[in-house]
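First up is the structure itself, then whatever we jot down about it.
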Amino acid sequence: MYNQIVRRVAIAKKNTPAKNASLFALVNAAMADAGILAWEQKYFHDFWRPVVGIREHDQSMGPEPTEADNNISDNCDPLWLPLGAPNTNSRKKNFTPNFPAYPSGHATFGAAALHMTRLFYKEVKVGDKNPDNLFNGLDFISEEFNGISTDNKGTVRPRHRRNFPKGLWQMIIENGRSRLYLGVHWIFDAFAVKEDGTPDLTRTDKDGNPFGGVPLGINIAEDIYQAGGGKGPKKSTVSPNS
């Protein structure tokens, strides 16, 4: 999906073959590091997903209860179910990813790929977390909502055309938040939020690390971009605990 989005931008920018080679090498190198570092962090933190956390947030619930309790906590909803990860063009059951939640791999991949594209076209500078103009006049139709693909019950999903007036930055934020709506992630798996629910990418933990996959993906993109002097990757210096 991310390569499809970047391809729309590349076509609109009338890239030469050489420029395409450089762009897609950078984007996919960033996504490769996103996979490595996000999963390293997942098993470092080993944090439960909503389907476990919400259903078992009481000491009497779960496979290994610590004590009996006849009054289930108000923070526990044993019957809660996420929307799942909806299978497309398959009759298999929906599922919840069976690996730790934090940080969101989806948020990390999207931020790494799309922020790298922002840097490549010099729409923003390193450290810039503002909207961009890279998707002006463009739109995108997901293959999941293209009027052809079906859900796991065989129902054809509607065709939905989207535009993004705030560019790839809007995509980065929506992409990170999407897994909260799906019910397979907590919001902080993508980023910390302010009281009004808007992203707070400046908040850090006691060790000075920002929360979630979006800051991690941004750091990965900027590290690779800077390592090549803005021309291409040489080596990655992002700490596994970044």
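The values are calculated or read from the model by the stated rules, or taken from the named source; none is laboratory data. Only a predicted model underlies this, so the values are computations on that prediction, with no experimental measurement involved. Quick reminder, even Gly has a Cβ in these numbers, built from the backbone with ideal geometry, and neighbours come from all protein chains shown.
As a summary of the residue check, ALA112 satisfies the conditions (1) modelled with pLDDT under 95; (2) under 24 Å from PRO199 (Cβ atoms); (3) not β-branched (Val, Ile, Thr) except for the one numbered (1).
Here's the yes/no breakdown for (1) part of a loop (DSSP other than H, G, I, E, B); (2) touching a Leu at 6+ places or on another chain (Cβ under 9 Å); (3) at pLDDT 95 or above; (4) of a type in the set (Gly, Ala, Ser):
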| residue | (1), (2), (3), (4) |
| --- | --- |
| GLU123 | yes, yes, no, no |
| VAL126 | yes, yes, no, no |
| ASP132 | yes, yes, yes, no |
| LEU138 | yes, no, yes, no |
| PHE145 | no, no, no, no |
| ASN152 | yes, no, no, no |
| ARG161 | no, no, yes, no |
| PRO165 | yes, no, yes, no |
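A single member of ASN175, ASN209, ASN136, ASN146 is of a type outside the set (Gly, Ala, Ser), closer than 26 Å to ALA25 by Cβ and surrounded by fewer than 16 Cβ atoms within 10 Å (Cβ to Cβ), and it is ASN136. The residues of the stretch 167-197 that are among the acidic types (Asp, Glu) and in a helix (DSSP H, G or I), listed by number, are GLU174, ASP189. When ILE187, ILE148 are screened for being among the hydrophobic types (A, V, I, L, M, F, W, C), within 20 Å of the chain's Cα centre (by Cα) and over 22 Å from ALA10 (Cα atoms), only ILE187 passes. In the stretch 43-66 there is at least one residue matching the filter, namely being part of a helix (DSSP H, G or I) and buried (at least 17 other Cβ atoms within 10 Å of the Cβ).
As a summary of the residue check, LEU81 satisfies the conditions (1) farther than 30 Å from VAL156 by Cα; (2) over 17 Å from the mean Cα position of the chain (by Cα) except for the one numbered (1). Looking across the stretch 3-38, the residues that are in a helix (DSSP H, G or I), of a type outside the set (Phe, Trp, Tyr), farther than 24 Å from PRO103 by Cβ and in contact (Cβ under 8 Å) with a residue 12 or more places away in the chain come down to ARG8, VAL9, ALA10, ALA12, SER22, LEU23, ALA25.
Taking the criterion of being hydrophobic (A, V, I, L, M, F, W, C) and surrounded by 15 or more Cβ atoms within 10 Å (Cβ to Cβ), the residues of the stretch 86-133 that qualify are ALA101, ALA107, PHE109, ALA111, ALA112, ALA113, LEU114, MET116, LEU119, PHE120, VAL124.
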